[in-house]
Amino acid sequence: MKKDTEALESEKEETEKFIKNIPPNLLNSRQLYMLYKLADGSLIGKLTVNKWCKMTKSTAITASRDIADLVKKGYLIRIGSGSRNYEYVLKTQ
C-alpha cells in the first residue's frame, strides 16, 4: 500500500513538473486545456481529433491544426497507421 501511495505521489509530482514547464505564451487556450487534461489523467479514453473537437468546441480543421502543432513541438505522439483514425498520447520525456 505504501508503494502505491509513493507511486501516486511521484506521478503527481511529474504531472505538476510537466504542467509548470509548458510555456503558456507559445500555445493557445485549447492546446493548454487539452495538455492539462492529458497530464492529470482526467481525459477518459484516447485522444482523437473527434474528441478534441467535442471537448474544445472547435472544428475538425482547427483540432487537426492544434494537434499537429503539439506533435511538431514535441508534446504529443501520433499513434496509428493509415490516413485516418490516429490517436495521440502525451510525450512524457
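Quick notes
- Carbon-plus-sulfur accessible fraction, the chain (probe radius 1.4 Å, protein heavy atoms only): 52%.
- Accessible area per residue for the chain is 74 Å², calculated with a 1.4 Å probe on protein heavy atoms, without ligands, DNA or RNA.
- Residue pairs, from the table 17/46; 12/51; 12/37; 17/73; 37/91, whose Cα atoms sit over 20 Å apart: 17/46; 12/51
- Our Cα-only numbers for region 26-93 put the radius of gyration and Dmax at 10.9, 30 Å.
The values are calculated or read from the model by the stated rules, or taken from the named source; none is laboratory data. Small disclaimer: the values here were computed from a predicted structure and weren't measured. Accessible surface is based on the protein model in full, side chains and every heavy atom, while ligands, DNA and RNA are left aside. Shrake-Rupley method; radii C 1.70, N 1.55, O 1.52, S 1.80 Å.
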